[in-house]
1. Determine which single condition Leu327 fails, assuming it passes every other condition in (1) at pLDDT 95 or above; (2) surrounded by 16 or more Cβ atoms within 10 Å (Cβ to Cβ).
2. Exactly one condition in (1) without any contact (Cβ under 8 Å) to a residue 40 or more places away in the chain; (2) more than 30 Å from Asn111 (Cα to Cα); (3) not in a strand (DSSP E or B) is not met by Glu504; state its number.
3. Looking at the range 272-281 only, could you name the residues that are surrounded by fewer than 21 Cβ atoms within 10 Å (Cβ to Cβ) and of a type outside the set (Asp, Glu)?
4. For the range 17-57, what are the residues that are assigned to a helix (DSSP H, G or I) and hydrophobic (A, V, I, L, M, F, W, C)?
5. Taking strands (runs of 3 or more DSSP E) that do not extend beyond the range 92-203, which have at least 3 residues that are within 30 Å of Tyr67 (Cα to Cα)?
6. Just checking, which of Glu393, Glu397, Glu403 is among the acidic types (Asp, Glu) and more than 20 Å from Gly266 (Cα to Cα)?
7. Going by the structure shown, is Tyr452 touching a helix residue (DSSP H, G or I) at 6+ places or on another chain (Cβ under 7 Å) and touching a residue at least 40 places away in the same chain (Cβ under 8 Å)?
8. When you scan the range 368-377, do you find a residue that is without any contact (Cβ under 8 Å) to a residue 60 or more places away in the chain and either in the same structural domain as Asp486 (by TED's automatic domain parsing) or in contact with a His (Cβ under 8 Å, 6 or more places away or on another chain) (or both), even just one?
Amino acid sequence: MEFTKKDIDHITNHGLTTEEVNRQIEILKSGMKFVELLRPATINNGIIELNDDKKFYYKNKFEKDQYFYTITKFVPASGAATRMFKALYQYLDNFDKDYPSTKGLEWFFDNIKKFAFFEDLENVLATQGYNYEQVIEEKKFDLIVHLVLDKEGLNLQAKPKALLPFHKYTYGYRTALEEHIVEGIHYAKDNNGVNIHFTISPEHEQMFNELLNRILDSYKKQYDTEINITYSFQKPSTDTVALYKDSLELVRDEMNNIIFRPGGHGALIENLNDLNEEIIFIKNIDNVVPDNRKDDTIEYKKILGGLLMDVVEQVQSFLIMLEDANLSEMDLDEMLNYCKNEWQQPIDDYIFSLDKMEKIDYLFSLLNRPIRIAGMVKNTGAPGGGPFIINDENGDESLQIIESAQVNINDSSQKNIWDSSTHFNPVDIVCYPYNYMGEKFNLLDYIMEDTYFISDKSFKGKEILALEHPGLWNGAMGYWLTIFVDVPLTTFNPVKELKDLLNEGHCS
């Protein structure tokens, strides 16, 4: 479409180009493209199952070799906690002051003393001349909920999930951010100390700084290690436009300026690309547990890290041999079988019938990419993505993490494949973004661009179509060398709703 000078200035000031905006408009008009599932990735058919000997080997390898690498932990932490408190807001909307009750929020009031924020809540009540038992006796249940949520009280609704009190300890509580620091001390560590990178929202930066200024020195002293915390923001240039659903016209504000919306977590591939460490662990902000439950998580982080080191060494060795090209047919078939059997790469049978140079080209293309090892847990029916095998744009079978929104569930064959998935994506990833010559890949070159998301949203009462970039662990890593590994369900303890903090993994 044609843009006015005002539009062009607005687009440019946002770090975008008119070409990119037009590309986004065309995507929104043409609609979302579904992926074509071939089959779910399962044990020994796309997912590695490690025996005890291999677990022991990879864990020891990580502990032995970690100081030969630069290492960091990458935690997307820009999200607000709005969804966590949905049930509390619904309760307030339906609260009847004439007939006050805990109906609809019994789980909250029955367990409120288990929440890490309870002591802070008691302190706020005291400043208002109350104690908790008195408020409950007087049936001022709505006051409790307001004080948890609102700025007159704990103001939890205004805080990012990273800064919410997650776990209660004898001396107080830890936020999700603090749990990531303590967890990271055990594996996200190199010769420079413990390194953790959080992506945050600019409006939350002061809150992050205030917490870190208050607690970081004590953790450094307690664990006798340097702790390096860095931030980055989602780049405005990764924002996207939206269209009104009925007219397919650009959504604009009262000043007729084009409205740009955050482009989803896939935009963070830019932030990941800016990191220079060799080994990068990726984990969601809400998937942390208290100290008495950390052992499995730490052990499997080391196992995945050691496996990555082993894969990197083998990949580099293969690529050096492939570049030399002084290989026999038998050598090449052994490489193909190694990739297929050891790393569960879905290599089509026809590849084995290619001629020597075609096999070399195929293997070089397969291996000369950024590498990610992704843990997968058994599917328990939780909403979210999982590991599948699809055809990429070259027609080759490819391991991918796919979300339900990417699948045409109305197609019975696709729904059957989706429903037959045995594993779930907990976002338990460790990456290596360098090539065999020690040069850093440009991760933006390995995005599967067609795996964008289009979702129905509303703006001022009107339905709009919103665009999100290919997800960070979905299409944004679509052309990486991907290896899936079975990991135990004990390593997956997400907190999507406040009630989740009462689950066994979070509450003693």
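1. Condition (1) is where Leu327 drops out.
2. In the conditions (1) without any contact (Cβ under 8 Å) to a residue 40 or more places away in the chain; (2) more than 30 Å from Asn111 (Cα to Cα); (3) not in a strand (DSSP E or B), Glu504 misses (2) alone.
3. Once the filter is applied, which keeps residues that are surrounded by fewer than 21 Cβ atoms within 10 Å (Cβ to Cβ) and of a type outside the set (Asp, Glu), the range 272-281 yields Asn273, Leu275, Asn276.
4. Within the range 17-57, Val21, Ile25, Ile27, Leu28, Phe56 qualify.
5. Because the criterion is at least 3 residues that are within 30 Å of Tyr67 (Cα to Cα), the strands (runs of 3 or more DSSP E) in the range 92-203 that meet it are 193-200.
6. Result of the check over Glu393, Glu397, Glu403: Glu397.
7. Considered against the rule, which asks whether it is touching a helix residue (DSSP H, G or I) at 6+ places or on another chain (Cβ under 7 Å) and touching a residue at least 40 places away in the same chain (Cβ under 8 Å), Tyr452 comes out as yes.
8. No: the range 368-377 contains no residue that is without any contact (Cβ under 8 Å) to a residue 60 or more places away in the chain and either in the same structural domain as Asp486 (by TED's automatic domain parsing) or in contact with a His (Cβ under 8 Å, 6 or more places away or on another chain) (or both).
The values are calculated or read from the model by the stated rules, or taken from the named source; none is laboratory data. Given the structure is predicted, the values throughout are model-derived calculations rather than measurements. Glycine gets a Cβ as well: all are built from the backbone with ideal geometry, and neighbour counts include every protein chain shown.
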